[in-house]
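First the structure, in the form of structure tokens, and then the observations on it.
Every number in this text was worked out from the coordinates using simple rules, so none of it is lab data. Treat the numbers as computed from the prediction; the structure is a model and nothing was measured. For neighbour counting, all protein chains shown are included, and Cβ atoms are generated from backbone atoms with ideal geometry for every residue, glycine included.
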Amino acid sequence: MDLGLEGRTAAVAAASAGLGLASAKALAAEGVRVAICGRDRGRIDAAAEEVGAGCVPLVCDVAGADGAARFVDAATEALGTVEILVSNAGGPPPGNFASTDVGAYPAAIDLNLMSIVGMCKAAVPAMQSSGWGRVVAITSLAVRQPMAELILSNTARAGATGFLKTLAREVAGSGVTVNSVQPGLHRTARVTSLYGDGAVDAPMGEPDDFGAVVAFLCSEHARFVTGAQLHIDGGAYQGLL
């Protein structure tokens, strides 16, 4: 299927590995010019080589609104415009209510909520002006079904979902769609660090399959899909809604 994305431009955050990298690869395979970011020059350069197709590697820390906005600005300078934004960031440290200090919450909110706000504030107005744009935020299945020992992620990503749904409604008439994708467990370094290698008794997805869904949500075929929260989890989520 031709997704109608040839020649478009995309900024994909936190894409030196895992689901961000998979999303960048899927978009590049559709003819999108991609800029990616990470905090380590060596890792992000290696990721850009893996993406190929002239992928632009940028060193940026998106753990907060200001750094996230700087990434979008740098991507815009490199590409000329950012028509597709895939917002993404690493996860905060694990912990539960008892073990997590109150002082840990602001950093988690900066990482998994305010980074999305910063990227959207930097990218969406230009999309509205041009009459076309796509925002896909990588969040977590924890928004639907909070995960044990991840209270910081559960809290911050729920706030991000509220922001994205509100934004989607506000820009729906301007040709800009805003959706979030909620991964369950995929074979990434983050999942391995949390649960161990091979120790998870649950469906495990492949990052490239996840990236393909992100690319579809950016496509012309998905132009009437906005405000959605799509869980990509191999059936792990058991709720009806």
On alpha carbon coordinates alone, what is the Rg over Rh value for the range 1-125, Rh being the Kirkwood radius? 1.02
Just add up the charged neighbours of residue 171: K/R +1, D/E -1, any other residue whose Cβ is under 15 Å from the Cβ of residue 171. +3
No Cys partner within the rule (Cβ under 4.7 Å), the chain: 55, 120, 218
Helical contribution to [θ] at 222 nm, DSSP H n ≥ 4, -39,500 (n - 2.57), averaged over the chain, rounded to 500: -12500 deg cm²/dmol
Once both labels are modelled 7 Å past Cα along the beta-carbon direction, what's the residue 121-residue 41 spacing in nm? 3.0
With Rg from the Cα atoms and Rh as the Kirkwood inverse mean 1/r over Cα pairs, the range 134-177 has an Rg/Rh of 1.09
Fully extended, how many nm does the chain gain between residue 230 and residue 172 (0.36 nm per residue separation, minus their Cα-Cα distance)? 19.1 nm
So how far apart, in nm, are the two label points at residue 240 and residue 66 if each is 7 Å from Cα heading toward Cβ? 4.9
Long-range amide H partners of residue 150, meaning residues 5 or more apart or on another chain whose placed amide H is closer than 5 Å, are 95
